[in-house]
Amino acid sequence: MPALTEWKVPPAFQPRPEDYRFDLDRALASVVGLHSIIPSDAFSAETLGTERAGNGVLIDDGLVLTIGYLITEAESVWLHLGDGRVVEGHALGLDFESGFGLVQALGRLDVDPLPIGSSAATRIGDNVIVGGAGGRTRSVASQIAAKQEFAGYWEYLLDESIFTYPSHPNWGGTGLISNTGELIGIGSLQLEREKSGKAEHVNMVVPIDLLKPVLTDLRKFGRVNKPARPWLGMYTTEIDDRVVVVGIAGKGPAARAELKTGDVILAVAGETVTSQTEFYRKLWSLGSAGVDVPLTVYHEGVTFDVTLTSIDRAKLLKAPRLH
C-alpha cells in the first residue's frame, strides 16, 4: 500500500507546542491517515470515486472516527500511522444524519486515543487545531469562525456546524482539537465565504456532540437503530429563495419520477418551501423512509404535482466486506 502523498502545511500556519498547555505531538499522533477502495459498481462510486483518502481520529481502542463519505461502500480500508506503519481497517458504521463514519482497526495501532470533549462548550474566536495525519506539519492552527446551521445539497442538514479559519487543505476526516487537547469535531468540507470583499476558504466541521447519542448503535449495528429518514435522491441548491434541482441520483425516487435538473421544488405536501432547510425539515416531518412525498414542482413554465415514494438511502449501498 503506497504512502499517502507528501505535502506540508506552510510553517506559519502550523500549530506550535509552546502555544498549548497539553502535549501537542501526543494529541496529533491520534490522527491517522485513511485510504479506502470502493468497488466500481458501488452506488457512491460515480459521485465520490473508487479511491478515497483523508484522515481519521482514534477515539477508543482500535476505533477510528472519520467522515462517512470516505468509507461509504468501502471494500477495503487502510490506516496510515505517523511512524510509517499501515494497518488494515474495516468500515464499521455510518450515520447519514451526522455524516460520521467509524472504522475498526484490524491490527494494533499502539497510539493513544484522543479524549472526546464538548462542541457545545466552544465559542466563536476559540483557538483550535485542525489536525491531519502526520503531526504538526500536516495540521493547521485555526480559530472557530462561526457556528451555524448548514444545509448540504445531498439531503443533509446540521442544526449547528462549526466553521474554522484558516482552512485545512486536506480536510476530510481531520480532527478538530480544542485548546485543552480534546476532540470537538470531525472535518467534512472546505467552503468559500466572502469577508471584507475577499474570498477565503473555511472548513465545515461536524460537531462531536452529535456522536454521543449514536456511538453505541454504530458500534453494535453499523447504523443508528431507528427508522431512516425519507430520501428522494435529488441534489438541490438555493437560488433567490427557490429550491432548484441541480442533479438527480441514479436509481433514486426522483429519477424514477423523472424529475429533471432545473426543476424548482415549490411545495412539500402543499406547504410552500423557499429554502433547503425548509425543504428538508418538511420532507423529514412526513414520516420515515417509505413514506409518500407529495411535491409541487415548476418546470419550464409548467407547475405540476408529483408524489415520490421515498426510500432508505442505505438500501442502495453495498454492505462493507466482513473480514
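Rule-based calculations on the coordinates, nothing more; no lab input. Just so you know, these numbers come straight off a predicted model, no measurement behind them. Neighbour counts are summed over all protein chains in view; Cβ atoms, including those assigned to glycine, are modelled from backbone coordinates with ideal geometry.
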| Relative contact order (%) - the chain, alpha-carbon pairs under 8 angstrom, separation at least six | 15 percent
| note | Note, Ile184: beta-carbon cut-off 13 Å, +1 each Lys/Arg, -1 each Asp/Glu, net -1
| field | Prolate/oblate/rounded label for segment 199-269 (Cα gyration tensor, a/c 1.5) | value | oblate
| note | Karplus-derived 3J(HN,Hα) from phi for segment 76-91 (6.51 cos²θ - 1.76 cosθ + 1.60, θ = phi - 60°), whole Hz, x at Gly and Pro, runs 8, 9, 10, 9, 9, 9, x, 8, x, 6, 10, 10, 6, x, 10, 5
| message | Suppose each label sits 7 Å from its Cα in the direction of the beta carbon; what would the Asp110-Glu192 distance come out to in nanometres? | response | 4.5 nm
| said: Going by Cα centres, segment 112-160 and segment 249-292 are how many Å apart? | reply: 30 Å
| field | His299 paired with Ser275, simple spin-label distance in nm, labels 7 Å along Cα-to-beta-carbon | value | 2.8 nm
| said: What's the longest uninterrupted piece of the chain once you rule out the GluC sites (Glu not before Pro) that are loop residues per DSSP with at most 10 other Cβ within 10 Å? | reply: 7-257
| Cα gyration tensor category, rounded, prolate or oblate, for the chain with a/c compared to 1.5 | prolate
| remark: Straight-line reach check, Lys315, cutoff 17 Å on alpha carbons, 8 or more apart in-chain or any other chain, hits among lysines -> Lys226, Lys251
| Which value, in nm² and rounded to one decimal, describes the direction-averaged projected area of the C-alpha convex hull of segment 138-236? | 8.2 nm²
| What number comes out for the charge environment of Ser118, summing +1 per Lys or Arg and -1 per Asp or Glu over other residues with Cβ under 14 Å away? | -1
| task | Measure nothing fancy, just the Cα-based angle from helix 276-285's long axis to the longest principal axis of the chain, in degrees from 0 to 90, nearest 10. | result | 80 degrees
| Can you give the Rg and Dmax of segment 53-156 based on its C-alpha atoms, in angstrom? | 14.9, 40
| Given springs between every Cα pair under 10 Å in a Gaussian network model of the chain, which of Pro294, Pro113, Pro230 has the largest fluctuation? | Pro294
| task | Could you pull out every residue, at least 5 positions away or on a different chain, whose amide H is within less than 5 Å of the one on Glu75? Hs are placed 1.01 Å off N in the peptide plane, and Pro or chain starts have none. | result | Ile37, Ile38
| note | Applied in sequence order to segment 228-233, the curve 6.51 cos²θ - 1.76 cosθ + 1.60 (Karplus, θ = phi - 60°) yields integer Hz couplings, x standing for Gly and Pro, of 6, 5, x, 10, 10, x
| field | Partners for Lys147 among lysines (Cα-Cα distance below 26 Å; same-chain residues under 8 apart left out) | value | Lys195, Lys198, Lys212, Lys282
| Shape call, segment 230-292: gyration tensor on alpha carbons, a/c limit 1.5 | oblate
| task | Would you kindly state how much longer the chain becomes between Ala45 and Asp217 on full extension, computed as 0.36 nm times their sequence separation minus their alpha carbon distance, in nm to one decimal? | result | 59.3 nm
| Which ³J(HN,Hα) values in Hz, rounded to whole numbers, follow from the phi angles of segment 101-111 under the Karplus curve 6.51 cos²θ - 1.76 cosθ + 1.60, where θ = phi - 60° and Gly and Pro get x? | x, 10, 10, 9, 5, 9, x, 6, 9, 6, 10
| GNM result for the chain, Cα springs below 10 Å: residue of Ile265, Ile208, Ile239 fluctuating most strongly | Ile239
| Relative contact order of segment 150-221: what whole-number percent is it, with Cα pairs under 8 angstrom and at least 6 residues apart? | 29 percent
| task | Using a Gaussian network model of the chain whose springs link C-alpha atoms within less than 10 Å, name the residue from Ala146, Ala91, Ala257 with the highest mean-square fluctuation. | result | Ala257
| field | Under-5 Å amide H pairs with Ile248, H placed in peptide plane, nonlocal only | value | Tyr235
| Which net charge results when you count Lys and Arg as +1 and Asp and Glu as -1 among the other residues whose beta-carbon is under 15 Å from that of Met204? | -3
| message | Can you give me the long-range amide H partners of Ala267? Hydrogens built in the peptide plane at 1.01 Å from N, cutoff under 5 Å, separation of 5 or more residues or another chain. | response | Val273, Thr296
